[in-house]
Amino acid sequence: MAWNKKGLTRLVQKIVGRPDDVRTPDERFRDEALPQLDAVARYAVSLTRDESDADDLVQETFLRAFRAWNQFIDGSDCRAWLFAICRNTYLRSSKREQRVIPCEDAELEALGAAAIHASAQQDGLEDMFVRHDLLAAIQRAVDELPETFREAVVLVDLEEQSYQHTANVLGIPVGTVRSRLFRGRRLLQESLIEYARDAGLAKPGSSGAAEAS
Amino acid sequence: MKGHDMLDCDAVMRQLWDYLDGELTRDREAAVREHLVVCKRCYPQYNFESAFVKALSASRRDHSRPAEIRERVLATLRAEGFAA
């Protein structure tokens, strides 16, 4: 592959940093890492499920990030880099063993979504996410997901990270991100449809509607 | 011909999440979109999943004391020598 001048300059900048960047490392940290604080705080709450634990985690994350700032590759995604530090810190501090849950193939999970949709249709719940305010129910369902699936859902669905960035944060292949994400979404939908049935949101006359007394 | 083959329902269902997440190549994305707009079977499911993903994304919780946590982080960093 032949490099043109522009491409070569970009590559060199990626490796050695921009020669015209006169900011000190601390200033670059201020401009690139600190603006991610709200996102990291949100991610920390989703990991710990407790705000005061999350506060300690955020503090520790930024301290580690600051100490390792010279390792950050200029031009790469700072938010994903901080998420990875945050998660590693969390796993280390809580001494959590990452339990590996056998996971079905992502393709099968994707096809499984059709069955869930059919069941929602049967109960007249196909527009449940548009017609009803399910905010609290969704938050609770996410909190109750097994950690392996919750991690993928939080990063992709709540933090809007790409599959590749999520894979980098979690240290797993992209294919595993897909299967965990799709399974997580399926579990969420099952739990929310169940909630909707219990809450009497199913359309009268459908199989999921409460019996008239 | 628009440079890609028409997909069948099964192929679209397999790629629906990737489509909603913006993870497909431009050609694949166009092929899925092309199928969805004409398919009475797939379109309702696309609608359902799309509404679900939007509701899920809207459910994220911000930290309730952002200013306080920012101050704490800055104090920790300054104690470590951060000067910007």
_Residues of region B:59-80 classified as farther than 21 Å from residue A:64 by Cα and more than 7 Å from chain A (Cβ to nearest Cβ), total_ = 1
*Taking into account only those residues within region A:133-161 that are within 17 Å of residue B:58 (Cα to Cα) and open to solvent by 40 Å² or more (accessible area, probe 1.4 Å), which is nearest to the other protein chains (Cβ to nearest Cβ)?*
A:135
*asked:* Given the criteria among the hydrophobic types (A, V, I, L, M, F, W, C), more than 20 Å from residue A:48 (Cα to Cα), open to solvent by 30 Å² or more (accessible area, probe 1.4 Å) and facing chain A (nearest Cβ under 10 Å), does residue B:83 qualify?
replied: yes
*Identify all residues within region B:12-45 that are hydroxyl-bearing (Ser, Thr, Tyr) and either away from chain A (no Cβ under 13 Å) or open to solvent by 50 Å² or more (accessible area, probe 1.4 Å) (or both); write none if there are none.*
B:25, B:43
*asked:* Out of everything in region A:162-176 that is within 10 Å of chain B (Cβ to nearest Cβ) and not polar (S, T, N, Q), what residue ends up being farthest from residue B:16 (Cα to Cα)?
replied: A:174
*Can you find even one residue in region A:37-58 that is modelled with pLDDT under 95 and assigned to a loop (DSSP other than H, G, I, E, B)?*
yes
*Restricting region A:107-126 to residues that are at the interface with chain B (Cβ under 7 Å from one of its Cβ atoms) and either outside any helix (DSSP H, G or I) or free of Cβ contacts under 8 Å to residues at least 12 places away in the same chain (or both), which is most open to solvent (accessible area, probe 1.4 Å)?*
A:126
*asked:* Regarding region A:188-211, can at least one residue be identified that is under 15 Å from the mean Cα position of the chain (by Cα), at positive phi and either within 10 Å of chain B (Cβ to nearest Cβ) or among the polar types (S, T, N, Q) (or both)?
replied: no
*Name the pairs whose Cβ atoms lie under 8 Å apart, with the first residue in region B:58-76 and farther than 16 Å from residue A:59 by Cα, the second basic (Lys, Arg) and surrounded by fewer than 13 Cβ atoms within 10 Å (Cβ to Cβ), and 6 or more positions between them or separate chains?*
none
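The values are calculated or read from the model by the stated rules, or taken from the named source; none is laboratory data. What you see is a predicted model, and the numbers here were worked out from it, not measured in a lab. Glycine also receives a Cβ, built like all others from the backbone with ideal geometry; neighbour counts cover every protein chain displayed. For the accessible areas, the whole protein counts, side chains as well, though only heavy atoms, and no ligand, DNA or RNA atoms are used. Shrake-Rupley method; radii C 1.70, N 1.55, O 1.52, S 1.80 Å.
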